[in-house]
Amino acid sequence: MNGIKIRGMGRCVPERVVTNADLAERVDTSDEWITSRTGILRRHHCTAETHSSLCAGAARAALERAGVLPEEIGACVVATVTADNLVPSAACTLQRELGLPGDIPCFDLSAACTGFLFALHTVECLLNASPRKFALVVGAETLSRVTNWDDRGTCILFGDGAGAAVVECREGWPSISSIMGCHGSGELLRLPGPGAGEPGLISMEGTRVFKFAVEAVPWCVDQVLKKTGRTVEDVDFFVFHQANARIIDLAVRKYRIPPEKYYKNIAEYGNTSAASIPLVLSELREQGKIGPGSRILAVGFGGGLTWGGCLIEFA
Ligand code: ACO
């Protein structure tokens, strides 16, 4: 199988910033509690923006940076659990908005916070079966629309945003070597759909999900290293899903990852689920911390439960 590399990244976040102090006026919480338990200082919430406008903003920026035209795209996958509509999907809306070809697969993928990595794996498979060379992969969420403001344990966590990647598939490039898993533990983390007969708001047993996450992250790191025959030292940058700074700190300590080889932006965005990993990649690329030649090990985990990892390179 031919592998994929990222050719360009883009991101789009809502203008409105909601600080911990803003939340403390609305629910029984404090800046001290949120900061010390999660590492979150702020998050961005939509006002005029929509899920579709975030997707389009991130995707346009990614196409421009990649130097790829909409008509060259061979597949479009949007990882999300909060699209404006179930039908048309966010990906179909994007197809029309950007003028992507009409004869390519465009669909949404639901794997919560692991969604962007599941989507990368999916487009690697799709491009191997396509005459076209490029695909658009977006991770986007408007979690502020499904937040339960009566639950102080979850409402302080989530933010809105979108990150997008234009990926290229070429003969001879190595596969991203995805590893993935899922365990249908619906009671730990739920976002009910229209058929559930209850309000569509997020609920989570945070402490149990935390325990799952601190086991899932090293499992994913180890599996990717094993599959690729690489060591921790071979990796130039580690990108972890931004759910809680403490989860990232535990992984960093376990693998003795030096500060210049990992990144946290959870303080600015909170947990943006499927958008979290592409937001990190986009910022790192813009800052010049990663680029062509960098070997990036990415790990995601979240609702489903789902988890996954892969080795990403830039073209
Ligand atoms: N402000 C003040 N106190 C609070 C708040 C708050 N916002 N929320 C909870 N508390 C209180 C609780 O009531 C509890 O009080 P008690 O001891 O008197 O009963 C105490 O703080 C501890 O509560 P816990 O829920 O045990 O707090 P914990 O340290 O576990 O932190 C958190 C909660 C931040 C949610 C953490 O469990 C976590 O990050 N979990 C993992 C989240 C995750 O990784 N999710 C996966 C991705 S999300 C997705 O897929 C969409």
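The values are calculated or read from the model by the stated rules, or taken from the named source; none is laboratory data. What you are looking at is a predicted structure, and each value in this text was computed from that prediction instead of being measured. All Cβ positions, even for glycine, are placed from backbone atoms using ideal geometry, and neighbour counts span all protein chains on display. Areas reflect the complete protein model, heavy atoms only, side chains present, ligands, DNA and RNA absent. Shrake-Rupley method; radii C 1.70, N 1.55, O 1.52, S 1.80 Å.
Side notes on the structure shown:
- Highest mobility in the GNM of the chain, judged by mean-square fluctuation with C-alpha springs under 10 Å and restricted to 240, 107, 158, is found for 107.
- The count of lysine pairs in the chain that are at least 8 places apart or cross chains, and whose C-alpha atoms lie under 23 Å apart, stands at 16.
- Free-standing Cys, the chain [no other Cys Cβ under 4.7 Å]: 12, 46, 55, 92, 113, 125, 155, 169, 182, 220, 310
- Shape call, the chain: gyration tensor on alpha carbons, a/c limit 1.5: oblate
- Distance in nm between pseudo-label sites at residue 146 and residue 215 (7 Å out along the Cβ direction from Cα): 2.5 nm
- DSSP bridge orientation in the chain - percent antiparallel, rounded to nearest 5: 65 percent
- The range 114-243 - percent relative contact order, Cα under 8 Å, separation 6 or more: 21 percent
- Separation of the residue 69 and residue 48 label points, Cα + 7 Å toward Cβ, nm: 3.2 nm
- Accessible area per residue, Å², the range 195-236 with all protein chains present, probe 1.4 Å: 58 Å²
- Share of carbon and sulfur in the accessible heavy-atom surface of the range 229-315 [1.4 Å probe, %]: 47 percent
- Solvent accessible area, Å² - residue 149, 1.4 Å probe, full protein context: 60 Å²
- Accessible area in square angstrom per residue, the range 92-148, 1.4 angstrom probe: 37 Å²
- Selected from 12, 113, 155 as most flexible by GNM, with the chain as the system and alpha-carbon contacts under 10 Å: 155
- Spatial separation of Cα centroids for the range 118-170 and the range 1-65, in angstrom: 12 Å
- Shape call, the range 238-315: gyration tensor on alpha carbons, a/c limit 1.5: rounded
- Solvent-accessible area, 1.4 Å probe, carbon plus sulfur percent, for the range 1-140: 51 percent
- Rolling a 1.4 Å probe over the protein heavy atoms gives the range 1-82 an accessible area of 44 Å² per residue.
- Sum of -39500 (n - 2.57) over DSSP H runs of 4+, divided by residues of the chain (222 nm, nearest 500): -10000 deg cm²/dmol
- Working ranking of peptides 125-135, 183-193, 162-172 by packing, defined as the average number of other Cβ atoms within 10 Å per residue, highest first, is 162-172, 125-135, 183-193.
- Dipole moment magnitude, nearest 20 debye, the chain about Cα centre, only Lys, Arg, Asp, Glu C-beta charged: 780 debye
- Across 11, 43, 230, mean-square fluctuation computed from a Gaussian network of the chain (C-alpha pairs under 10 Å connected) peaks at 230.
- Considering only 112, 61, 175, the residue lying farthest towards the positive end of the dipole of the chain is 175, judged by Cα position with unit charges set on Cβ.
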